[in-house]
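The values are calculated or read from the model by the stated rules, or taken from the named source; none is laboratory data. As the structure is a computational prediction, the values presented were derived from the model and not from experiment. Quick reminder, even Gly has a Cβ in these numbers, built from the backbone with ideal geometry, and neighbours come from all protein chains shown.
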């Protein structure tokens, strides 16, 4: 039996094809191109065969011979497209895998360069890498503590330097 | 009444069911699952709608939805 057999009547086209010879997606895609102008049916008359029938929509005219030829062409075109897509899928997958693997490797190289071979922190004289809290809050607290200590020491010094009874005279 | 048969290898069961629901307001739909596929018995009840047209539109809708589901990676069940 042939891969493709078409039967044409006045308002109807029937195409019988070998299910193994054409990918299922190609059959669907070919049928779908007629869905706006025809009533499309898919059937499996016998195992291993698929039947596609097109019927003119109500009020519409159908050039059955042209529709049959167009359906056959579409079926072959979609099968070819599917084959190219399948053959190219490995190449596409390898390109995508290569792009992702190189992108994953790159950040590690840059981080190592910044940190140096031993992983120590890089030189940051301006404190750009420090957070605001580390840069200001901590220093302010230290400075305040130091000022308090300095003030207490000065008071102590001043107190010991005063002559006994001098303070009482002033009051 | 028109009896439509949808082969289970070619049509998605959910698509057939959805098509019957969409065209339900225009007729009576009786769904049956048989070993060979899904059977929908269509009887037009709406005024001015031909039973043959209703059945054909239901077929187109079921096929379109099946193809859409295939495209989105869902297999026919």
Checklist entry - Within the set of pairs 6+ apart or on separate chains, which have a first residue in region B:44-71 that is at the interface with chain A (Cβ under 8 Å from one of its Cβ atoms) and at pLDDT 90 or above, a second that is assigned to a helix (DSSP H, G or I) and crowded, with 16+ Cβ neighbours inside 10 Å, and C-beta atoms under 6 Å apart? => result B:66/B:15; B:67/A:28; B:67/A:32
Next on the checklist: Just to verify a result, which residue in region B:29-43, among those that are under 30 Å from residue A:47 (Cβ atoms) and in contact (Cβ under 8 Å) with a residue 40 or more places away in the chain, is farthest from the other protein chains (Cβ to nearest Cβ)?
Outcome noted: B:41
Checklist outcome for this item: Flagged in region A:29-40 as within 10 Å of another protein chain (Cβ to nearest Cβ) and within 37 Å of the chain's Cα centre (by Cα), in numbering order, are A:29, A:31, A:32, A:34, A:35, A:36, A:40
Checklist outcome for this item: Residues in region A:44-54 that are at the interface with chain B (Cβ under 7 Å from one of its Cβ atoms) and closer than 17 Å to residue B:52 by Cβ total 0
Item to check | Every residue from region B:24-35 that is outside any helix (DSSP H, G or I) and in contact with a strand residue (DSSP E or B) (Cβ under 7 Å, 6 or more places away or on another chain) | outcome: B:27, B:28, B:29, B:30, B:31, B:32
Item to check | Test result for residue B:20, assigned to a helix (DSSP H, G or I) and within 18 Å of residue A:31 (Cβ to Cβ) | outcome: no
Next on the checklist: Conditions first: (1) crowded, with 20+ Cβ neighbours inside 10 Å; (2) in a helix (DSSP H, G or I); (3) within 11 Å of chain A (Cβ to nearest Cβ). Residue B:10 passes all but one, so which condition is the exception?
Outcome noted: (2)
Item to check | Output for region A:6-36, where each listed residue is surrounded by 14 or more Cβ atoms within 10 Å (Cβ to Cβ) and in a strand (DSSP E or B) | outcome: A:6, A:8, A:12, A:13, A:14, A:15, A:16, A:17, A:18
